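The next block holds one structure in the form of structure tokens; read it before the comments.
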Amino acid sequence: MLGLKFIKSNPTTHLIAFRGGRIVRQGAGLAIFYYAPTTSLVAVPIQSREIPFIFEKVTKDFQTVTIQGQLSYRIADPERTAKSLNFTLHAGGKGYESDDPEKLHERVVAVAQLGVQRLIHESPLTEAIRSAGPFAAQVLHELRESGELATLGVEVQGLSILAIKPTPETARALE
């Protein structure tokens with residue numbers, strides 16, 4: 001009907017309606033009528049997300065290890081996230097205009113990877129493969145204090161390092 005539309009978000013989505021560059025309505029689980037030609041909608045998912053990761057790093061004694069783990073986070077400040085990344089919905093309200101929502105988890109994992117990398121680079125192989133728990137605790141603390149993640153409006157809820165494994169050849173040599 002002449003550009004008047006309705007959208008309803010679920011409780012795990014923070015919906016923000018912009019008109020003329022200003023926020024007119026926002027909230028989690030919001031249901032609104034809006035005038036499509038003049039209103040932009042931003043939908044920021046606020047539920048917890050769990051992201052598995054796996055990457056290779058080199059220890060202090062130049063041995064390659066594989067680090068496997070899982071990171072959980074949520075968007076704690078949806079307004080800040082919407083200012084940093086493009087979560088704008090297409091005009092029809094279905095799907096995002098950009099791929100920023102998919103890139104967010106990559107950015108969070110990259111920050112965690114830097115913390116793990118620093119610890120691995122400072123440790124010899126034998127210490128690294130025994131230190132998954134302490135490394136996870138230290139990196140989690142660093143992530144919670146991270147200015148980069150705070151700028152994105154992200155709150156890290158947990159980090160676990162499931163395994164730090166040497167290459168198969170090195171593992172055989174250690175046996």
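Look at Ser40 and say whether it is in a strand (DSSP E or B), over 21 Å from Thr151 (Cβ atoms) and either of a type outside the set (D, E, K, R) or touching a strand residue (DSSP E or B) at 6+ places or on another chain (Cβ under 9 Å) (or both). Please lay out each step first, then the result.
Working: in a strand (DSSP E or B): yes; over 21 Å from Thr151 (Cβ atoms): yes; either of a type outside the set (D, E, K, R) or touching a strand residue (DSSP E or B) at 6+ places or on another chain (Cβ under 9 Å) (or both): yes.
Criteria met by Ser40.
Name the residues in region 93-103 that are part of a loop (DSSP other than H, G, I, E, B) and either open to solvent by 60 Å² or more (accessible area, probe 1.4 Å) or in contact with a Lys or Arg (Cβ under 8 Å, 6 or more places away or on another chain) (or both), would you? If you could, list the steps in order and put the result at the bottom.
Filtering region 93-103 for residues part of a loop (DSSP other than H, G, I, E, B) gives 93-95, 97-99.
Result: Gly93, Lys94, Glu97, Asp99.
With a cut-off of at least 1 residues that are farther than 25 Å from Asp61 by Cα and open to solvent by 20 Å² or more (accessible area, probe 1.4 Å), name the helices (runs of 4 or more DSSP H) lying wholly within region 104-153. First the steps, then the outcome.
Details: elements: 125-130, 132-144, 147-152.
Of the helices (runs of 4 or more DSSP H) lying wholly inside region 104-153, those with at least 1 residues that are farther than 25 Å from Asp61 by Cα and open to solvent by 20 Å² or more (accessible area, probe 1.4 Å) span 132-144, 147-152.
Is one or more of the residues making up region 57-64 touching a residue at least 60 places away in the same chain (Cβ under 8 Å), under 22 Å from Val139 (Cβ atoms), part of a strand (DSSP E or B) and out of contact with any Asp or Glu (no Cβ under 9 Å at 6 or more places or on another chain)? Show your work before the answer.
As a first pass, look at region 57-64 and keep what is touching a residue at least 60 places away in the same chain (Cβ under 8 Å): 57-61, 63-64.
Remaining after also requiring under 22 Å from Val139 (Cβ atoms): 57-61, 63-64.
Subset that is part of a strand (DSSP E or B): 57-58, 64.
Those left that are additionally out of contact with any Asp or Glu (no Cβ under 9 Å at 6 or more places or on another chain): 57-58.
Yes - at least one qualifying residue is present in region 57-64.
Taking the condition of being under 23 Å from Thr39 (Cα atoms) and of a type in the set (S, T, N, Q), how many residues in region 91-119 meet it? It would help to see each step written out before you state the result.
To start, the set of residues in region 91-119 that are under 23 Å from Thr39 (Cα atoms) comprises 91-101.
Now drop any that are not of a type in the set (S, T, N, Q), which leaves 98.
Looking only at that region, the number is 1.
Looking at (1) in contact with a Gly (Cβ under 6 Å, 6 or more places away or on another chain); (2) at pLDDT 95 or above, which is the one condition that is false for Ile16?
Of everything listed in (1) in contact with a Gly (Cβ under 6 Å, 6 or more places away or on another chain); (2) at pLDDT 95 or above, Ile16 misses just condition (1).
Suppose we filter region 1-30 for residues that are exposed (fewer than 12 other Cβ atoms within 10 Å of the Cβ) and under 15 Å from Leu89 (Cβ atoms); how many remain? Reasoning before the result, please.
Filtering region 1-30 down to residues exposed (fewer than 12 other Cβ atoms within 10 Å of the Cβ) leaves 1-4, 6, 8, 11, 20-22.
Add one more test, that the residue is under 15 Å from Leu89 (Cβ atoms), and what stays is 6, 8.
Here the count works out to 2.
So, in region 48-79, of the ones that are surrounded by 18 or more Cβ atoms within 10 Å (Cβ to Cβ) and in contact with a Leu (Cβ under 6 Å, 6 or more places away or on another chain), which residue ends up farthest from Val108 (Cα to Cα)? Steps first, answer last, please.
Filtering region 48-79 down to residues surrounded by 18 or more Cβ atoms within 10 Å (Cβ to Cβ) leaves 53, 57, 59, 63, 65, 67, 69, 71, 73, 75, 77-78.
Add one more test, that the residue is in contact with a Leu (Cβ under 6 Å, 6 or more places away or on another chain), and what stays is 59, 63, 69, 71.
Numbers: Thr59: 23, Gln63: 26, Gly69: 13, Leu71: 9 Å.
Looking at residues that are surrounded by 18 or more Cβ atoms within 10 Å (Cβ to Cβ) and in contact with a Leu (Cβ under 6 Å, 6 or more places away or on another chain), I get Gln63.
The values are calculated or read from the model by the stated rules, or taken from the named source; none is laboratory data. What you are looking at is a predicted structure, and each value in this text was computed from that prediction instead of being measured. In this analysis, Cβ positions are derived from the backbone assuming ideal geometry, glycine residues included, and neighbour counts consider all displayed protein chains. Please note that ligands, DNA and RNA were not included when accessible areas were found on the heavy atoms of the full protein model with its side chains. Shrake-Rupley method; radii C 1.70, N 1.55, O 1.52, S 1.80 Å.
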